[in-house]
Amino acid sequence: PSTDETIDLMRTGGSEFSIVVRNADDQRLDALAQIVLDILDAPVVLTHYQLLLSPNIGIASRAADSAKSDELVREAGLALGASQKLGRCHFRRYDTSLADDTQERLVLENDLNTALLSGDQLFMVYQPQVQASTGKREGVEALVRGQHPDRGMIPPEKGVEMAEGSGQ
């Protein structure tokens, strides 16, 4: 660690904390993130109970003279969201692909809202449910699919993920 390195810890709300590290390179930030994860991954024993935490860390870094705190907080938040998708006890460094993913998700969510209001972009398909061991059909499953006016068929994994993530 640099002799100029400073570390500030603050609670930003609920179960979220921010750690601001000044004068540290990316390798040092990664090492600090792993140390924090290792500490928080250990079970916490309270009387007769054992608590398991689910720590995740999002990292954003910039040169000191180019850093705007609101941008760093937003980027760290995007990186945190990406680390949470990996499961418990991960850290993720911000990169521009995370912002691109967020932009695409916003566009798809808007498209889903438009499809719901228009009534002509969503349709039902039916998929038979077959018993694998006998080959006997046991029922059907109704599935909603989307047809975007410009992009064509929306892949099921994108449509389902978007609908579930947006609460639609």
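The values are calculated or read from the model by the stated rules, or taken from the named source; none is laboratory data. Small disclaimer: the values here were computed from a predicted structure and weren't measured. Please note: Cβ atoms are built from the backbone with ideal geometry, for glycine as well, and neighbour counts cover all protein chains shown. The area values use the complete protein model at the heavy-atom level, side chains included, leaving out ligands, DNA and RNA. Shrake-Rupley method; radii C 1.70, N 1.55, O 1.52, S 1.80 Å.
Worth a mention:
- Net lengthening on full extension, ARG22/SER54 (0.36 nm per residue, minus Cα-Cα): 8.9 nm
- Surface composition of the chain: carbon and sulfur atoms hold 54% of the protein heavy-atom accessible area at a 1.4 Å probe.
- Taken per residue, the accessible surface of the chain reaches 72 Å², heavy atoms only and a 1.4 Å probe.
- Inter-label distance, nm, simple model (7 Å from Cα along the C-beta direction), GLN127/THR96: 3.7
- For percent of Cα pairs over 19 Å apart, the value computed from the atomic coordinates appears in the list [x] 58; [y] 76; [z] 69 under label [z].
- Calculated over segment 1-57: convex hull of Cα atoms, volume per residue (Å³): 98
- Across the chain, Cα pairs under 8 Å and at least six residues apart give a relative contact order of 12 percent.
- For trypsin sites (Lys or Arg not before Pro), the sites in segment 2-76 that DSSP calls loop and that have at most 16 other Cβ atoms within 10 Å are ARG62, LYS68.
- Order by protection proxy (mean Cβ within 10 Å, highest first), peptides 90-100, 48-58, 34-44, 125-135: 90-100, 48-58, 34-44, 125-135
- The alpha-carbon of LYS158 sits under 16 angstrom from the alpha-carbons of these lysines, leaving out residues fewer than 8 places away in its chain: LYS85.
- The distance linking segment 1-58 with segment 120-157 is 44 Å (Cα centroid to Cα centroid, whole angstrom).
- Rounded to the nearest 20 debye, dipole of the chain from Cβ charges on Lys, Arg, Asp, Glu: 520
- ILE57 long-range amide H proximity, modeled H, under 5 Å: HIS90, PHE91, ARG92
- For the chain, modelled as a GNM whose springs connect Cα atoms under 10 angstrom apart, the maximal fluctuation among GLY77, GLY146, GLY13 occurs at GLY13.
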